[in-house]
Structures are given as C-alpha cells and as structure tokens.
Amino acid sequence: MLELFREGQVYEVLLVTKSNVTPVGVVRRGNLLFFKLFGGKSAEELKGHPYASIQITNDAELLVRLGLNLPVSLEFEESGGFRWIRGLPGFYGRVDAREELYEDELGETTILACSLAPEGEIRGNLPNRPLSRVDCVLIEMAVDLTRLPVAIEKGKDEVARRLGKRIEENYTLYRRFGGSSEIAERIVEWAGEILDGVS
C-alpha cells in the first residue's frame, strides 16, 4: 500500500496516537512517511508513546472536523500498543520524533519532526467517491483558519488579514463549485470573529 504514496507529494491523512486523532500532511521518502506536528496533544503523546497509525480517508469533512476539534463518531481498535480507526486503510509503526526549529510567515517556533516506518497494514475500505474540487477548497479553508489565531497572537496582523481574505475567496470558490456544508459557513464566521478588532 505504501506505493500508493508518490514520493515528494503531500498527502492529507489521519494520525492516530494513544488517545488522539488529528489530520496531518505526510510525505513519503523511500520506505518512510515524514510529517511535522506544531504542538498539540498528538505531539505530546508521541514523546512518551512513539507508536502511531497513519490512515487514509477521502472524506474531507472528517479531516476538517478533526482538524477543528468538532464532534465526530469513530470506532477504534487496538493491538500491540497501536490504535487505529476501524474501517479505514493505513499503516501502523513506531515514530521517530525530534524537536526542531521551524520558521515561516508566522515566525519561528519549535515543531516535532517525525517519521514513521510502517510495520504493518491496517485493512479497510474507502467509499467510491470521486475527487471534488470542493473537498480541496474546504481543507485549505480549515488550514488557514487554524493559522489565523496564531498570526494574531504573534502580532502578525498583515498575515492575519491575508489569511482572512483567502478564507473568504476560497469560500466563494467553494460555493461556486457546489459546496453546501455548514462547516464552510462556520469557518467563515469563526474567521470573522477572530479578525474582529484587527486594525
């Protein structure tokens, strides 16, 4: 199954740790999957329990709900220190993690740079759902929303305004492409609330 991941491309997948699930972008290089965590529960869990699963989904709303800490209904299985979502295909393996400095438009921060060497496959099936441009735009909106409060906290008002504008532009695309999820509307509302008061 690892061959499904083309080397060098970023794939949005689910990272399942001891008690948490979060979306993460992974890149395959050789027989390893690399990803970065910008703090949070999954990063803390991997420091003390370096076992995780990486699972594939083509459900953009599931990715976004998990990324924004919205309620989801999932069933889990466990074996040998690993935990995974029942029904979704993927891998499990030990995670090599180290803290590194990372810098982007939001400034410098410490991240957890990780690699996972698959030790076994997780069986599962994905629904036959064609790729929709709506899904890609919704994910981008959610990513920008998660960066917005960080920009404001760090005093990067110009970056915050740019993120807010991009969310609005992507929402226009989302609607034009036929998107109708209330999650997209909530993202726009939250972005407006977060930006309220930014000069």
Exercise for review: Please work out the Cα center distance from segment 109-126 to segment 139-179, rounded to the nearest Å.
Suggested key: 27 Å
**Study point:** 21 Å Cα cut-off, lysine pairs counted over the chain (separation 8 or more, or different chains)
**Key:** 7
Review point. Dipole magnitude of the chain about its Cα centre, charges +1 at Lys/Arg Cβ and -1 at Asp/Glu Cβ only, in debye to the nearest 20?
Key: 380 debye
Check your understanding: In nm, to one decimal, how far is the modelled label at E105 from the one at R86, with both set 7 Å along Cα→Cβ?
Key -> 4.3 nm
Practice item. Give, as ranges by residue number, the residues of segment 7-35 whose backbone N falls under 15 Å from the point 7 Å along Cα→Cβ of L131. Key: 7-13
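Can you tell me how much longer the chain between H49 and V198 gets when fully stretched, taken as 0.36 nm per residue apart minus their C-alpha distance, in nm with one decimal?
Value of the extension gain: 49.6 nm.
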Point to revise | Cα radius of gyration and Dmax for segment 133-197 (Å) | key: 11.4, 36
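Residues with beta-carbon under 9 Å from that of I111, excluding I111: net charge, scoring Lys, Arg +1 and Asp, Glu -1?
Values: positive: K36; negative: E99, E100.
Local charge sum for I111: -1.
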Practice item. Just flag the chymotrypsin sites (Phe, Trp or Tyr not before Pro) in segment 16-71 sitting in loop per DSSP whose Cβ has no more than 16 other Cβ atoms within 10 Å. Key: F38
Check your understanding: Only one of the listed values, [x] 15.8; [y] 19.2; [z] 11.5, was derived from the coordinates as mean projected area of the Cα convex hull in nm²; which label is it?
Key -> [z]
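Tell me, what does the Kirkwood hydrodynamic radius of segment 1-84 come to in angstroms if you use every pair of distinct C-alpha atoms? If you can, show how the numbers build up before the last one.
Numbers: mean 1/r = 0.0740 Å⁻¹.
Roughly 13.5 Å, rounded to one decimal.
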Practice item. Kindly list the residues of segment 161-199 that lie in the label zone of R65, defined by a backbone N under 16 Å from the point 7 Å along the Cα-to-C-beta vector. Key: 180-187
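Lys and Arg at +1, Asp and Glu at -1: add these up for the other residues within a Cβ distance under 15 Å of A151 and post the number. Intermediate results must be reported in sequence, preceding the final value.
Working: positive: R147, K154, K156, R161, R162, K165, R166; negative: E103, D104, E105, E108, D144, E153, D157, E158, E193, D196.
Neighbourhood net charge equals -3.
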**Study point:** With Cα atoms, 0 to 90° folded angle of helix 182-195 axis to the chain main axis
**Key:** 60 degrees
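Using a Förster radius of 35 Å, what is the FRET efficiency between I183 and N31 based on their Cβ-Cβ separation? Nearest 0.05, please.
Values: r = 35 Å, r/R0 = 1.01.
The computed FRET efficiency comes out at 0.50.
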Exercise for review: Count charges around G40 for me, please; just the other residues with Cβ under 14 Å from its Cβ, Lys/Arg as +1, Asp/Glu as -1.
Suggested key: +2
Practice item. Roll a 1.4 angstrom probe over the protein heavy atoms and tell me the percent of accessible area of the chain that is carbon or sulfur. Key: 46 percent
Check your understanding: Under the rule of -39500 (n - 2.57) per DSSP H run of 4 or more residues, summed and divided by the residues of the chain, what mean residue ellipticity at 222 nm is obtained, to the nearest 500 deg cm²/dmol?
Key -> -11500 deg cm²/dmol
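Using Cα pairs under 8 angstrom and six or more residues apart, how large is the relative contact order of segment 2-122, in percent?
Details: 248 pairs, mean separation 32.1, N = 121.
Across segment 2-122, relative contact order equals 27 percent.
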Review point. Want the number for D157 to E75: 0.36 nm per residue separation, take away the alpha-carbon distance, what's left?
Key: 25.5 nm
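The values are calculated or read from the model by the stated rules, or taken from the named source; none is laboratory data. Keep in mind that what you see is a predicted model, and the values were worked out from it rather than measured. Positions of Cβ are backbone-derived with ideal geometry, glycine not excepted, and every protein chain shown enters the neighbour counts. Please note that ligands, DNA and RNA were not included when accessible areas were found on the heavy atoms of the full protein model with its side chains. Shrake-Rupley method; radii C 1.70, N 1.55, O 1.52, S 1.80 Å.
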